[in-house]
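Read through the structure below, which is laid out as C-alpha cells, and then see the notes.
The values are calculated or read from the model by the stated rules, or taken from the named source; none is laboratory data. Computed from a predicted model, the values in this text were never measured in an experiment. A quick note on method: Cβ atoms are made from the backbone with ideal geometry, for glycine too, and the neighbour counts reach across all protein chains shown.
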Amino acid sequence: MYKIAVIGAGTMGNGIAHVFAQHGFDVHLVDVNTIQLEKAMLTISKNFDRQVQKGILSVQEKTNAFSRIHPIHQIKEGIREADLIIEAATENEAIKMQIFRELDEHALPDAILATNTSSLSITRIAAGTKRPSQVIGMHFMNPVPLMKLVEVINGYATAASVTEKIIELSGQLGKTACVVNDYPGFISNRILMPMINEAIISLQEGVASAEAIDTIMKLGMAHPMGPLQLADFIGLDVCLAILKVLQDGIGNPKYAPATLLVNMVAAGHLGVKSGQGFYDYRKTSMEV
C-alpha cells in the first residue's frame, strides 16, 4: 500500500488525487497556490457528489474518500513520507525539471517519481535526478475518474521492477496500464494529435464546417467526441505544444501545427478553459 503525493492541483492533479483516494489511498495534494488548492478540493468534492448521485459511491464512501485527501502547500512537507510521487504540473519541460530536482532532493530514497506528462521525454526528466531508474511516466487520461487508461512510459533507465509496480498499482485503481517506450508523443498523442491537426487543416482550407467535421467523425467513425471539440477540451495551447514536441523530436514536417491552430492560440482562444475555441462556451456550462 502506497502513500501517494500528487504535485499540482489543476484538472489532472485533482483527478488523480480523486481516484487514489476513492480506492483507499492516503493522498497529499500539493500546490504552492493556495487558491488553486481550495478550488481543487471543491472540484473533487463536487465530483464525488456526482458519483454518489449516480450510485457509484455511497455517502459514507464519499466521506471516507474525501477525508483521505490532504491539501498541502509545500512540496518538501507533502512528499517526505510518500512512496509514490506523481507530478501533474503544467506541460512545460523547464518547470517539470525544476520540480523533479526538488522531488529528488526531498523524497524518500526508494520513492518512485512519476510524471503525468503527455509528451515530454521521461529520459530527459529522469536524467535531471540522481535516481533515473526510479523515474517513470504515468500518463492518465482526462477526465481521470472516468477514463480507464494509464499510459505507462519507460524512460531509458527505468527499472523493470518500477514498471511492474506501476502496472500493478494501476490495476488497483481500476485502470488498464499500457506500457510504451519513451518516444515523442508516446502512443496516445503520436496518433491523436496528427488527427486533430488534420481536422484543423480541413477547417482552415474550408473543406467542411467544424460541426460537420466533428459529426462525421462521431457518426461515421464512432468517436465519442469529434476532434475539434476534443481539442477544445484538451486546450488548444496544449495541442500546439504537443505538436511542436512531435515536430522537433521526430523531425517530420507532417507534424507541423496548422496555421489556424497557431493563430487561435496567439489570440487566446484556447478552448473550454478560455471560453472560446472551435466552439463558443461562454454561454454554456460544460464540465469535463
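Those residues that are more than 23 Å from the chain's Cα centre (by Cα) and surrounded by 14 or more Cβ atoms within 10 Å (Cβ to Cβ), I need them from segment 39-61; list them, please.
52, 57, 61
What are the pairs, 6+ residues apart or on separate chains, where a residue within segment 154-177 that is assigned by TED's automatic domain parsing to the domain that holds residue 117 and at pLDDT 95 or above has its Cβ under 9 Å from a residue that is of a type in the set (Gly, Ala, Ser) and loosely packed, with under 13 Cβ neighbours inside 10 Å?
Pairs that qualify, where the first residue is assigned by TED's automatic domain parsing to the domain that holds residue 117 and at pLDDT 95 or above and the partner is of a type in the set (Gly, Ala, Ser) and loosely packed, with under 13 Cβ neighbours inside 10 Å, are 154/160; 172/24; 177/171.
Just checking: which of the helices (runs of 4 or more DSSP H) contained wholly in segment 17-136 hold 1 or more residues that are among the aliphatic types (A, V, I, L, M) and touching a Lys or Arg at 6+ places or on another chain (Cβ under 9 Å)?
The qualifying helices (runs of 4 or more DSSP H) are 34-53, 93-106, 122-127.
Which residue is surrounded by the most Cβ atoms within 10 Å (Cβ to Cβ), if the candidates are limited to segment 147-177 and must be under 30 Å from residue 56 (Cβ atoms) and β-branched (Val, Ile, Thr)? Lay out the reasoning, then the answer.
Residues of segment 147-177 under 30 Å from residue 56 (Cβ atoms): 147-153, 163-177.
Adding the requirement that they be β-branched (Val, Ile, Thr) leaves 150, 152-153, 163, 166-167, 176.
Values: 150: 27, 152: 23, 153: 29, 163: 16, 166: 23, 167: 16, 176: 13.
Checked segment 147-177; the qualifying residue surrounded by the most Cβ atoms within 10 Å (Cβ to Cβ) is 153.
Applying the selection to segment 93-126, what residues are touching a residue at least 60 places away in the same chain (Cβ under 8 Å) and either surrounded by fewer than 19 Cβ atoms within 10 Å (Cβ to Cβ) or among the β-branched types (Val, Ile, Thr) (or both)?
99, 122
Give segment 5-32 a look and list any residue that's surrounded by fewer than 16 Cβ atoms within 10 Å (Cβ to Cβ) and more than 18 Å from residue 100 (Cα to Cα), or say none.
Those that are surrounded by fewer than 16 Cβ atoms within 10 Å (Cβ to Cβ) and more than 18 Å from residue 100 (Cα to Cα): 23, 24.
So residue 241 ticks every box in (1) at pLDDT 95 or above; (2) out of contact with any helix residue (DSSP H, G or I) (no Cβ under 8 Å at 6 or more places or on another chain); (3) within 28 Å of residue 89 (Cα to Cα); (4) not polar (S, T, N, Q) but one. Which box is left unticked?
(1)
When both residues are 6+ apart or on different chains and their Cβ atoms are under 8 Å apart, which pairs have a first residue that lies in segment 221-247 and is within 22 Å of residue 144 (Cβ to Cβ) and assigned to a helix (DSSP H, G or I), and a second that is acidic (Asp, Glu) and at pLDDT below 95?
Hits for this filter: 238/91; 241/91; 242/91.
From the list 142, 181, exactly one residue is touching a Gly at 6+ places or on another chain (Cβ under 8 Å) and either at pLDDT below 95 or closer than 21 Å to residue 242 by Cβ (or both). Which is it?
Every option except 142 fails the conditions.
Which residue, of 199, 208, 212, is in a loop (DSSP other than H, G, I, E, B), farther than 30 Å from residue 158 by Cα and either of a type in the set (Ser, Thr, Tyr) or not assigned by TED's automatic domain parsing to the domain that holds residue 156 (or both)? Give the derivation first.
Numbers: 199 fails: in a loop (DSSP other than H, G, I, E, B); 212 fails: in a loop (DSSP other than H, G, I, E, B).
Matching residue, one of 199, 208, 212: 208.
Of the conditions (1) more than 25 Å from residue 176 (Cβ to Cβ); (2) within 16 Å of the chain's Cα centre (by Cα); (3) not aliphatic (A, V, I, L, M), residue 71 clears all except one; give me its number.
(2)
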